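The values are calculated or read from the model by the stated rules, or taken from the named source; none is laboratory data. The shown structure was predicted, so the numbers you read here are calculated from the model rather than taken from an experiment. Neighbour counts run over all protein chains shown; Cβ positions are idealised from the backbone, glycine included. We work out accessible area using only protein heavy atoms, side chains counted, and drop any ligands, DNA or RNA first. Shrake-Rupley method; radii C 1.70, N 1.55, O 1.52, S 1.80 Å.
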Amino acid sequence: PPFGRGVILGSAAAAGAVYEDRRAEELAAALGVATVLDRELARLSGGEAQRVALVRALLVEPTVLLLDEPTSGLDPAARDALLALVQAWLEEGERALVLVTHDDEVGAFAARSLTLDAAGEAAGAND
């Protein structure tokens, strides 16, 4: 299959992930990385690697997703695609997202948020 046994997704399968190639294709296409899945990880740009990592994470159907600066280094179109995919994932069922970002626009994506100051102390919350 074109996606299931590539270097990138093949390592996910080797780690025990079970997924349908069609699902991998859909996720990769939504994030604009369908054409890079057969490349070696070292040959991906930083933005491609971030988006492929999200594809791999979503393939295992998690109920909780932890994303640390998922849009850092992405252009606006890629950022919007990533956020749209995460929003769709959240709407598929009872799921939770913990997202760490320095981007105020991305932070506005959250229904609830906690702002930390430079010392790591809580500086504000939105419940």
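When T71 is tested against (1) modelled with pLDDT under 90; (2) crowded, with 18+ Cβ neighbours inside 10 Å; (3) assigned to a loop (DSSP other than H, G, I, E, B), exactly one condition is not met: (1).
Screening the candidates A77, A81 for the property of being at negative phi, open to solvent by 40 Å² or more (accessible area, probe 1.4 Å) and among the small types (G, A, S) yields one hit, A77. Checked against the criterion of being open to solvent by 50 Å² or more (accessible area, probe 1.4 Å), free of Cβ contacts under 8 Å to residues at least 12 places away in the same chain and assigned to a helix (DSSP H, G or I), the candidates A57, A119, A111, A42 yield just one match: A42. For the stretch 84-96, the criterion of being surrounded by 11 or more Cβ atoms within 10 Å (Cβ to Cβ) and either in contact with a Ser or Thr (Cβ under 7 Å, 6 or more places away or on another chain) or at positive phi (or both) is satisfied by at least one residue.
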